[in-house]
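One structure is given below, encoded as structure tokens.
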Amino acid sequence: MEPRKLPLPKKKKRAVRGKKAKGYIRFFGVFAIFIFICTQLGGSAHADTVGISIDTAGDGSDMGSLKLLFTFALIALAPSLLIMMSSFTRIIIVFSFLRNALGLQQTPPNQVLVGLALFLSYFIMHPVIATMNETALKPYSEGIITQEEAIQGAQVPLKKFMLKQTKLSDLNLFLSLSEQSETIEEINPDNLLELGLETIVPSFITSELKRAFTIGFLLFLPFLVIDMIVASTLMSMGMVMLPPSMISLPFKLMLFVVVDGWSLIMEMLIRSFY
């Protein structure tokens with residue numbers, strides 16, 4: 001037998017009907033406002049139609065379209081190119097090694113590390129950016145030099161920065177692979193500015209990866225010693241089932257905080273570029 005539903009009192013029925021009526025009124029009011037806004041936008045859109053035409057060549061030729069596509073492709077690749085030609089690579093790799101050496105999986109988060117690496121890169125690259133602005137961007141915006149001269153002038157400070165951070169063996173490697181020039185005996189940024197970016201950039205990246213991995217190895221050593229001490233202590237006490245990483249993590253964090261590790265890491269990274 002299904003339980004019988006008791007009829008609601010008259011007051012409760014009136015309250016329910018009142019709530020339903022208010023809900024319907026709100027719904028139709030919002031719907032009417034939405035229709036009004038759509039009609040107004042549609043009327044203004046038909047009344048004020050804006051047409052944009054892009055003609056980079058001046059005569060509507062296909063060469064203008066190719067230049068436009070090349071410009072858009074260069075804009076899309078610009079962030080990656082700038083990251084690979086700056087100090088960002090070394091900094092973010094060192095931060096990743098530091099987080100793994102501490103035994104932390106997601107602390108600090110990736111967004112924090114990337115943001116910190118970007119601002120440190122801006123701090124390191126600020127003299128280079130200022131020189132590029134004074135020698136290339138500002139004269140080009142004022143109409144003093146042409147676009148080609150601005151591009152050539154902007155490459156000079158960037159090439160000097162990358163050549164100062166490039167190892168001799170890496171530069172000779174790519175010079176020998178390109179078969180365009182003989183090997184060199186000393187890196188002098190003022191004398192090697194005639195080299196193209198296709199040779200300087202891969203040499204610079206290779207040197208940056210080597211330095212970053214060397215710094216990461218040196219960062220691992222003190223934390224590895226703590227892990228070995230904790231593991232041997234637990235084994236001598238017969239606590240084999242207890243994970244050593246669980247005990248060593250607080251000691252590694254305490255050591256890193258006591259020695260002011262973040263300041264030392266940032267100072268070391270900044271000084272390594274000078």
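The values are calculated or read from the model by the stated rules, or taken from the named source; none is laboratory data. What you see is a predicted model; the values in this text were computed from it and never measured. Positions of Cβ are backbone-derived with ideal geometry, glycine not excepted, and every protein chain shown enters the neighbour counts. Accessible surface areas use protein heavy atoms only, side chains included; no ligands, DNA or RNA. Shrake-Rupley method; radii C 1.70, N 1.55, O 1.52, S 1.80 Å.
The table below lists the values:
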| quantity | calculated |
| --- | --- |
| Count - residues of region 217-259 that are in a loop (DSSP other than H, G, I, E, B) and over 18 Å from Leu104 (Cβ atoms) | 6 |
| Looking only at region 119-140, and only at residues there that are of a type outside the set (A, V, I, L, M, F, W, C) and open to solvent by less than 80 Å² (accessible area, probe 1.4 Å), the one that is farthest from Ile83 (Cα to Cα) | Pro139 |
| Residue count for region 208-223, restricted to those that are out of contact with any Lys or Arg (no Cβ under 9 Å at 6 or more places or on another chain), farther than 13 Å from Arg99 by Cα and in contact (Cβ under 8 Å) with a residue 60 or more places away in the chain | 1 |
| Which numbered condition Ala78 fails, given (1) in a loop (DSSP other than H, G, I, E, B); (2) open to solvent by less than 40 Å² (accessible area, probe 1.4 Å) | (1) |
| Among residues of region 141-165, those that are open to solvent by less than 90 Å² (accessible area, probe 1.4 Å) and basic (Lys, Arg), counted | 2 |
| One residue from Ala231, Ala212 being among the small types (Gly, Ala, Ser) and at pLDDT 90 or above | Ala212 |
| Subset tally (residues that are of a type outside the set (Phe, Trp, Tyr) and open to solvent by less than 30 Å² (accessible area, probe 1.4 Å)) for region 81-107 | 10 |
| Scan of region 166-205 for residues that are modelled with pLDDT of 85 or more, assigned to a loop (DSSP other than H, G, I, E, B) and surrounded by 18 or more Cβ atoms within 10 Å (Cβ to Cβ), ordered by number | Thr166 |
| Within region 230-260, tally of residues that are within 18 Å of Ala101 (Cβ to Cβ) and in contact (Cβ under 8 Å) with a residue 12 or more places away in the chain | 12 |
| Within region 137-165, tally of residues that are outside any helix (DSSP H, G or I) and either within 21 Å of Glu198 (Cβ to Cβ) or among the basic types (Lys, Arg) (or both) | 1 |
| Residue, nearest to Leu158 (Cα to Cα), within region 88-106, restricted to residues that are under 19 Å from the mean Cα position of the chain (by Cα) and of a type in the set (S, T, N, Q) | Thr89 |
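Residue-wise test of (1) within 16 Å of Arg271 (Cα to Cα); (2) assigned to a helix (DSSP H, G or I).
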residue: Ser86; (1), (2): yes, no
residue: Thr89; (1), (2): yes, yes
residue: Ile93; (1), (2): no, yes
residue: Ser96; (1), (2): no, yes
residue: Asn100; (1), (2): no, yes
residue: Gln106; (1), (2): no, no
residue: Val114; (1), (2): no, yes
residue: Phe119; (1), (2): yes, yes
residue: Phe123; (1), (2): yes, yes
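Table: residues versus (1) polar (S, T, N, Q); (2) open to solvent by 70 Å² or more (accessible area, probe 1.4 Å).
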{"site": "Ser207", "(1), (2)": "yes, no"}
{"site": "Gly216", "(1), (2)": "no, no"}
{"site": "Leu224", "(1), (2)": "no, yes"}
{"site": "Met239", "(1), (2)": "no, yes"}
{"site": "Ser245", "(1), (2)": "yes, yes"}
{"site": "Lys252", "(1), (2)": "no, no"}
{"site": "Ser263", "(1), (2)": "yes, no"}
{"site": "Met268", "(1), (2)": "no, no"}
